[in-house]
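Data block below; observations after.
The values are calculated or read from the model by the stated rules, or taken from the named source; none is laboratory data. Fair warning: this is a prediction, and the values are worked out from it, not measured in the lab. In this analysis, Cβ positions are derived from the backbone assuming ideal geometry, glycine residues included, and neighbour counts consider all displayed protein chains.
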């Protein structure tokens, strides 16, 4: 904030005298202002652009691997657990989904992604929500389509 000095001159009787004096006072008594500049920290990239694009490419590859595996595995789960009845079929399918997801974690570790320590959990979390929901969706849809003819619901396909 700027500091201003109080005017110490005596009042003048004529307006012309005050104009001259005020011009002199203004030019001589320019207050110093505080510096409002904040030094910015230097931002240096820790990895270069090629390493970052390689990391992003591998994370995208892992994401799409999990998406395609979820759709294929959900469809396969309809047929490989056909012999199991009731509640056990559901738990077997969920265990199958978890085992395949663990397999994708092993594949991701084999991809040798150079991730910083803050991004280490991306190997596990990359596409996990999409994987679970697409697995369940494809499993439910294929099960419904396969068994729709054996259930008399009144809908003719």
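Find the residue count for the range 93-112, including only residues that are exposed (fewer than 14 other Cβ atoms within 10 Å of the Cβ) and without any contact (Cβ under 8 Å) to a residue 12 or more places away in the chain.
Number satisfying all stated conditions: 8.
Can you pull out the residues in the range 66-91 that are exposed (fewer than 15 other Cβ atoms within 10 Å of the Cβ) and part of a helix (DSSP H, G or I)?
Passing the criteria: 68, 72, 79, 80, 87, 88, 90, 91.
This table checks each residue for (1) modelled with pLDDT under 90; (2) under 22 Å from residue 63 (Cα atoms).
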{"site": "96", "(1), (2)": "no, yes"}
{"site": "103", "(1), (2)": "no, yes"}
{"site": "123", "(1), (2)": "yes, yes"}
{"site": "130", "(1), (2)": "no, yes"}
{"site": "144", "(1), (2)": "no, no"}
{"site": "151", "(1), (2)": "yes, no"}
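Against the definition (modelled with pLDDT of 95 or more, touching a helix residue (DSSP H, G or I) at 6+ places or on another chain (Cβ under 9 Å), within 25 Å of residue 53 (Cα to Cα) and surrounded by 12 or more Cβ atoms within 10 Å (Cβ to Cβ)), how does residue 135 come out, yes or no?
The answer is no for residue 135.
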